[in-house]
Amino acid sequence: MGVAGAAIAGGAAFAIGSIAVVYLWLRGYLILGVGPPRCLERERVLRLVNIGYPAGLEQVVWQGGFVLFLWIVSLYGTAPYAAYGIGVSILSFSFLIGWGFSIAAATLVGQHLGAGDPDGAERSGWRAARLSIVSMVVFGLAIVAGAWPLARWIIDDPEVVRLTVVFIYVLGGLQPLMAMEFALTGSLRGAGDTRFPLLTVLSGLVLVRCVLAGIFARLDFSVEWIFYALIADYIVKATMLTLRFRGGRWKTLIKS
């Protein structure tokens, strides 16, 4: 079935996974159950919506910016587009570690704040950031070291392989900044500060990465420069998140 088969397989995998999670939740097999019949009181629902809608809007902005960036990459042909997808897939082994620390940071920060321990919440956030940086850098270096054989193992097109390696070198070098983004975004979400991560995505991905990539494309720069736009994106996001978390305003956003 070719490309259509890959698309169907991906969609089926997500659908089956979602159904399985909902089934386990409704049947009470998960630690966090549905709750008593009156658990969804009006005040609680409003608080959930107030905290949750910026996170949902963040994903809308992120997906929109991602599509725009890929459209710019596609202007250079199928080889760069394929290289981007392959590079992201290979580096996903490192990204998943960051996601794990993001979830851990959100959980621990929320628990400490709920227990009236804002200093403990801050320590947990910074600890998650440090561990995320160390772990992602180790995995990132391993992937960068094996970039050529990994790329050749997935595809045999010389140009796609070359661009995949370039992309891996660029994004592999950004693993510390990505680790900061994962951990501190999770920390802020755990504190209920979901609006600021939305602002960072809008600033870094849309206003910096996509705008720079568009300018480079307009000036007929090589596609490597489009990949370099990611550097500015992650510098902006990591800086904004670090300053926000260090400022400490997130400690008092949600009143118990």
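Read the figures in this text as sums done on the coordinates, not as results from a lab. These numbers were taken from a predicted model, which means no experiment stands behind them. Cβ placement follows ideal geometry from the backbone for every residue including glycine, while neighbour counts extend to all protein chains displayed.
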*asked:* Please arrange K237, K251 by how many other C-beta atoms lie within 10 Å of their C-beta, fewest to most.
replied: K251, K237
*Taking the Cα centre of the chain as the origin and placing charges on Cβ (Lys, Arg +1; Asp, Glu -1), which of L24, M180, Q59 is farthest toward the positive end of the dipole?*
L24
*Points 7 angstrom from Cα along the Cβ direction at Q59 and L207: gap in nanometres?*
2.5
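Give me T252, T194, T164 sorted ascending by neighbouring Cβ count inside 10 Å, so fewest comes first.
On the way: T252 10, T194 21, T164 29.
Neighbour counts put them in this order, fewest first: T252, T194, T164.
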*Which order do Y29, Y169 fall in if you start with the one that has the fewest other Cβ atoms within 10 Å?*
Y29, Y169
*Using θ = phi - 60° and the Karplus form 6.51 cos²θ - 1.76 cosθ + 1.60, what ³J(HN,Hα) does each residue of segment 234-241 get, whole Hz, x for Gly and Pro?*
6, 5, 5, 5, 5, 5, 4, 5
*Residue-wise HN-Hα coupling along segment 139-153, computed from phi with Karplus coefficients 6.51, -1.76, 1.60 (Hz; x: Gly, Pro)*: 5, x, 5, 4, 5, 4, 4, x, 4, 5, x, 5, 5, 5, 5
*Dipole magnitude of segment 8-119 about its Cα centre, charges +1 at Lys/Arg Cβ and -1 at Asp/Glu Cβ only, in debye to the nearest 20?*
340
*When the dipole is taken about the Cα centre of the chain, and only Lys, Arg (+1) and Asp, Glu (-1) are charged at their Cβ, what size is it in debye, to the nearest 20?*
900
*When Kirkwood radius over Cα pairs in Å is calculated directly from the model, which label among (i) 20.1; (ii) 19.3; (iii) 18.5 fits?*
(i)
*Between L230, G190, I86, whose Cα lies farthest towards the positive end of the dipole of the chain when Lys and Arg beta carbons carry +1 and Asp and Glu beta carbons carry -1, centred on the Cα centre?*
G190
_Could you work out [θ]222 nm for the chain from helices alone, using -39500 (n - 2.57) per DSSP H run of at least four and dividing by all its residues? Round to the nearest 500 deg cm²/dmol._
-27500 deg cm²/dmol
*HN-Hα J couplings of segment 60-70 from phi, Karplus 6.51/-1.76/1.60, θ = phi - 60°, integer Hz, Gly and Pro as x?*
5, 5, 4, 5, x, x, 5, 5, 4, 5, 5
*asked:* If amide hydrogens are placed 1.01 Å from N in the peptide plane, which non-local residues have theirs closer than 5 Å to the one on F221?
replied: none
